[in-house]
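These notes are about the structure you will find just below.
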2 protein chains.
Amino acid sequence: MNGRLSSQLEFIREVDRLKTIFRQTYLMDASRHENDAEHSWHITLMAWLLEEHAAQGHVDILRVMKMLLIHDLVEIDAGDTFAYDIKGQEGKFEREREGATRIFGLLPAEQSGELMELWLEFEQGETPEARYAAAMDRIQPLLHNYFTQGKAWREHGVTLGRVQGRIRILEADLPEVHALVTELLEDAVEKGYLLP
Amino acid sequence: MNGRLSSQLEFIREVDRLKTIFRQTYLMDASRHENDAEHSWHITLMAWLLEEHAAQGHVDILRVMKMLLIHDLVEIDAGDTFAYDIKGQEGKFEREREGATRIFGLLPAEQSGELMELWLEFEQGETPEARYAAAMDRIQPLLHNYFTQGKAWREHGVTLGRVQGRIRILEADLPEVHALVTELLEDAVEKGYLLP
């Protein structure tokens, strides 16, 4: 049997577990928490459709999409850490890097290296692609919170200042989206979805 | 407010419903049925990782990935039709085309047109990209069935011949993958996962 194909299928089987890693965010209909696989699908699609709003001009959209498809795979081992859980952030990178090594390591060496490089680029957040990808990862849960009357925000006592801090990266890179999202946040505070 | 951005966000909100459309296929751990959003994520990732096995040589992988991200959105309106449900296939294309018109139509006109074109290309299955995308869409549930001891196959009394018919498209386009999957199917019959 083809060794490369066999490794690839083993990886494809293993990453199915992303569907069982649940986030704090709720679906738009508030019926249940969202899982990482659904979230990854949603933001990969968003990255494609919102590309025109990137102030950097050209981003390599294929690279962004690849980054987003795999950015949460490390959570199969490390679990999901809520964005506003300060204690949970301790040691997060080390836990996730171990996960990356094991999970990406199921693939043939050069593919494993490619995924590790993309994941590290995303984590470091310095290239236009990584920053654009991070923007998608922050806009999406914000929309889910807004359209569920702040369900997860209210459960965790999240404040306006905390969310504003999370989306500051949008200001330079996606100014129009930042402006719109800022309006949503003001409305959310007014409606009691989010603490002032 | 930016009208284009506003339409795009409306679309992003609407397509969240893909996470509530369940398929006959079970997760690899057999704990529950898989939904369309998770499935779309999984096969988009597979398309990237298995590209080297495409016998056509070069496929435009960005186009394939876009196709796979949106190929099931029509099911938000038309529902999931089980691949082996002959009666369900009647009028399926018309139902799905109406869904495509409504859902893609939420986007600005030229994006709506782009999604419609990609979806029709996928449905027609003639270009190398559409055939490669279709191959991913067929391999993935087969793997899920195999690794769950044929759970959905057994529930629906699916036979070897029916599955062989579904994966015939792999023979010319992905011969190595076809060979491996054929071995899995023989093993599945031997183990009683699939009717002979």
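The values are calculated or read from the model by the stated rules, or taken from the named source; none is laboratory data. The model shown is predicted, which means the values in this text are computed figures rather than measured ones. Positions of Cβ are backbone-derived with ideal geometry, glycine not excepted, and every protein chain shown enters the neighbour counts.
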Mind listing just one residue for me: the one in the range A:1-11 that is crowded, with 20+ Cβ neighbours inside 10 Å and in contact (Cβ under 8 Å) with a residue 12 or more places away in the chain and, of those, nearest to the chain's Cα centre (by Cα)?
A:F11
Residue list for the range A:34-73, restricted to those being part of a helix (DSSP H, G or I), more than 9 Å from every other protein chain (Cβ to nearest Cβ) and touching a Phe, Trp or Tyr at 6+ places or on another chain (Cβ under 6 Å)
A:V64, A:M67
Looking at the range A:136-168, which of its residues are in contact (Cβ under 8 Å) with a residue 40 or more places away in the chain, in a helix (DSSP H, G or I) and among the β-branched types (V, I, T)?
A:I139
Restricting attention to the range B:8-28, which residues are more than 7 Å from every other protein chain (Cβ to nearest Cβ) and assigned to a loop (DSSP other than H, G, I, E, B)?
B:I21
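Condition check ((1) in contact with a helix residue (DSSP H, G or I) (Cβ under 7 Å, 6 or more places away or on another chain); (2) farther than 30 Å from A:D29 by Cβ; (3) of a type in the set (D, E, K, R)) across all residues:
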{"site": "A:A130", "(1), (2), (3)": "yes, yes, no"}
{"site": "A:A135", "(1), (2), (3)": "yes, no, no"}
{"site": "A:R138", "(1), (2), (3)": "yes, no, yes"}
{"site": "A:H156", "(1), (2), (3)": "no, no, no"}
{"site": "A:R162", "(1), (2), (3)": "no, no, yes"}
{"site": "A:R166", "(1), (2), (3)": "yes, no, yes"}
{"site": "A:H178", "(1), (2), (3)": "yes, no, no"}
Given (1) buried (at least 20 other Cβ atoms within 10 Å of the Cβ); (2) touching a residue at least 60 places away in the same chain (Cβ under 8 Å), where does B:E14 come up short, assuming only one miss?
(1)
With respect to B:D77, is the statement that it is more than 11 Å from the chain's Cα centre (by Cα), more than 11 Å from every other protein chain (Cβ to nearest Cβ) and closer than 19 Å to B:L142 by Cβ true?
no
When you go through B:G192, B:G157, B:G150 one by one, which is the residue that is on the phi > 0 side of the Ramachandran plot, crowded, with 16+ Cβ neighbours inside 10 Å and at pLDDT 95 or above?
B:G150
When A:L185 is evaluated against the numbered criteria (1) buried (at least 18 other Cβ atoms within 10 Å of the Cβ); (2) in a loop (DSSP other than H, G, I, E, B), which criterion, by number, is the only one it fails?
(2)
